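Here's the structure we're looking at; comments come further down.
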Amino acid sequence: MKKVCVFLLLALSSLTLSAQDLIVTRLGETINAFQVEVGELSVFYQLDDSENSSIKKVPKVDVVVIKKSDGSFVFPNPASNNTAPNDDDSQIERVTLTIPDSNTSFNMIKVEGMDQVFYIGETEVTQGIWNVVMGSKSIKWDKEKGIGDNMPAYNIDWYKANEFCEKLSLLYANSDYSFSLPTYSQWLCAARGGKYSKDYTYSGSDESKDVAWYKKNSGGKYHNVKSLKPNELGLYDMSGNVGEWCLDDATPRQKVLAGGTIDSSYSEVQISSLGSSYAEFKHGFRIIMVVK
């Protein structure tokens, strides 16, 4: 069995882990650690000691947690705004999927805390992911609002959001995965942090500026996903940035729109704030995945 060498470069300290220890990253990788040295900048791991072995560099912000064989946890950078949950009893399960016939990947995070278990997108569906699934000419993005593969997809009505989920499910027809918009109860459970919830006012913090792009700090523009602090599950932008469609009817003519937008007040991006919009209006969305 190939040995795995891992070098975690963080703040001027050192640590050696055993072959039974695990490194869990935001990319969904679980790496069996053979040796770890902690220093300043980044994470490296090597499959074996041969000169032909591949070496991969993993940024330290992508390292979620180190689970040691004795059951204890090491959190690489607990002071960072972009770190994942730092509860000793939390180990968030991530699944990384690559869209067939493309180089585009996305992360789904397991949510527990309801009668059912499901996975929800680590981020809102981005323009990059939308373009791969639906075609680059299917939506016209607004240059003044923000264009880029890591920008949230935002000019999307409720019907188009459901069409995206159907097409993505077809791409995974030979797998055990299917995709849809979340129900509001699913969205709410995830926004609160599932079973790891700390009952924050906003999704991931009691300070809106830490986790939400909204009227006060957005400048009227959308922002790249994952540019603020995640919540307890490692989910980004569930408060603010782009409003997120849910499956539910808010009224006979409107659908639930959760999370608030770049034009929302601080109170409207609170987890407890329930929004709505006509299905024909243009917003964004996040997907859930169910394992069949």
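The values are calculated or read from the model by the stated rules, or taken from the named source; none is laboratory data. The structure presented is a predicted model; accordingly, all values stated were derived computationally and were not measured. So basically every Cβ, Gly included, is an ideal-geometry build from the backbone, and we count neighbours across all protein chains shown. With ligands, DNA and RNA removed, areas are computed over all heavy atoms of the protein, side chains included. Shrake-Rupley method; radii C 1.70, N 1.55, O 1.52, S 1.80 Å.
Heavy atoms only, probe 1.4 Å: what % of the accessible area of region 211-292 goes to carbon and sulfur, would you let me know?
For region 211-292, the apolar C and S fraction of the accessible surface comes to 50 percent.
In region 91-168, what GluC sites (Glu not before Pro) fall in a loop by DSSP, with at most 11 other Cβ atoms inside 10 Å?
Those that pass, being in a loop and sparsely packed, are 144.
Search the structure for amide H atoms under 5 Å from the amide H of residue 247, placed 1.01 Å from N in the peptide plane, and list their residues when 5 or more places away or on another chain.
Sorted by chain and number, the residues that satisfy this are 183, 184.
Can you work out the Karplus-derived ³J(HN,Hα) for every residue in region 119-125? Use 6.51 cos²θ - 1.76 cosθ + 1.60 with θ = phi - 60°, whole Hz, and x for glycine or proline.
The phi angles translate into 10, 10, x, 4, 10, 4, 4 Hz.
With a 1.4 Å probe and all protein chains left in place, how much accessible area per residue does region 228-282 have, in Å²?
Each residue of region 228-282 exposes 38 Å² on average to a 1.4 Å probe.
Using the Karplus curve 6.51 cos²θ - 1.76 cosθ + 1.60 with θ = phi - 60°, what ³J(HN,Hα) values do you get for each residue of region 237-252, in whole Hz, with x for Gly and Pro?
Working through the residues one at a time gives 6, 6, 10, x, 6, 10, x, 10, 5, 10, 5, 6, 7, 8, 9, x Hz.
Taking 0.36 nm per residue of sequence separation and subtracting the Cα-Cα distance, how much length would be gained by fully extending the chain between residue 101 and residue 278, in nm to one decimal?
Net length gain for the segment: 60.3 nm.
Read phi for every residue in region 170-176 and hand back ³J(HN,Hα) as whole Hz from Karplus 6.51 cos²θ - 1.76 cosθ + 1.60, θ = phi - 60°, with x for Gly and Pro.
My calculation for region 170-176 gives 5, 5, 10, 4, 8, 10, 9 Hz in order.
Enumerate the amide H contacts of residue 275 below 5 Å, restricted to partners 5 or more residues apart or on another chain; note that Pro and chain-start residues carry no placed amide H.
HN-HN under 5 Å from residue 275: 257, 259.
Can you pull the one-decimal nm distance between simple spin-label points at residue 199 and residue 147, each 7 Å off the Cα toward Cβ?
If labels sit at residue 199 and residue 147, their model points lie 4.7 nm apart.
Search the structure for amide H atoms under 5 Å from the amide H of residue 239, placed 1.01 Å from N in the peptide plane, and list their residues when 5 or more places away or on another chain.
The answer is 203.
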